[in-house]
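See below for the structure under consideration.
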Amino acid sequence: MVGRNKQTLRIIGGQWRGRKFQFPALEHLRPTPDRVRETLFNWLMPDIQGANCLDLFCGSGALGLEALSRGAAQVTFVDNNKQTIDAIKETCQIVDCDRADFYLGEAQVCLTTERTPIDIAFIDPPYDLQLQAEIANLLQASGCLAERAWIYIEHDGWLDDQLLPASWVKHREKVAGQVHYSLYKNH
């Protein structure tokens with residue numbers, strides 16, 4: 001049973017398909033909806049197996065956990081909220097997953113220290129902060145993106161592609177309700 005201070009996340013594909021996990025019920029925490037994750041991971045299907053992933057502003061962990069369930073080699077979860085990081089650590093312990101790293105702090109600071117070549121990056125900050133372009137440029141400048149890396153950006157409809165790194169080419173985009181999401185390829 002989920003208490004008032006917990007919400008439930010369901011993994012939709014891969015080895016943990018159908019498993020439900022709890023995460024803190026915090027203001028501004030909105031997990032990527034099931035249908036958005038399903039579409040995103042269909043797009044990434046040929047590349048997710050064995051990928052090193054970076055889940056910035058991980059919140060509930062929906063994107064990173066889905067990536068691990070579908071065969072990602074490693075996911076680094078980044079968030080500035082200890083409750084969310086602790087909940088994802090607990091989830092990884094429950095499923096006996098040792099392919100996760102955790103960074104408790106600001107994404108901007110993490111990107112100054114990240115050195116693992118990243119094959120897939122998830123950028124999903126709180127919409128009201130409008131940090132997508134800033135984080136995208138910091139990610140590019142960090143030098144941690146692998147050649148031809150995929151970058152997923154979730155936003156509320158306000159995202160000017162001209163503010164993103166020039167080497168990023170939009171591969172696909174879609175809208176589901178109020179969620180706008182785009183997938184870019186680093187060239």
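Assorted remarks:
- Under-22-angstrom lysine pairs by C-alpha in the stretch 6-186, whenever the two are 8 or more apart or on separate chains: 7
- Counting DSSP beta bridges with both ends in the chain, the antiparallel % (nearest 5): 50 percent
- Our summary of shape: the Cα atoms of the chain have principal axis extents of 47, 32, 30 Å, ordered from largest down, in whole angstrom.
- Charged neighbours of ILE135, selected by a Cβ distance under 11 Å, balance to -3 (K, R count +1; D, E count -1).
- The stretch 86-148 versus the stretch 22-50: alpha-carbon centroid distance in Å: 14 Å
- Estimated dipole of the stretch 6-186 in Debye, rounded to 20 [Cβ of Lys and Arg +1, of Asp and Glu -1, Cα centre]: 600 debye
- Protection proxy ranking of 176-185, 158-167 - average other beta-carbon atoms within 10 Å, highest first: 176-185, 158-167
- Taking the C-alpha atoms only, the angle from helix 82-94 to the longest principal axis of the chain is near 70 degrees.
- Counting beta carbons within 10 Å around each of CYS58, CYS92 and listing the fewest first gives the order CYS92, CYS58.
- Between the Cα long axis of helix 34-48 and the first principal axis of the chain there is an angle of about 60°, rounded to the nearest 10.
- Compared with the direct C-alpha span, the chain from GLU38 to LEU26 gains 1.9 nm at full extension, assuming 0.36 nm per residue.
Readers should treat all values here as calculations from the given coordinates under stated rules, not as data from a laboratory. Given the structure is predicted, the values throughout are model-derived calculations rather than measurements. Cβ atoms come from the backbone with ideal geometry, glycine included; neighbour counts cover every protein chain shown.
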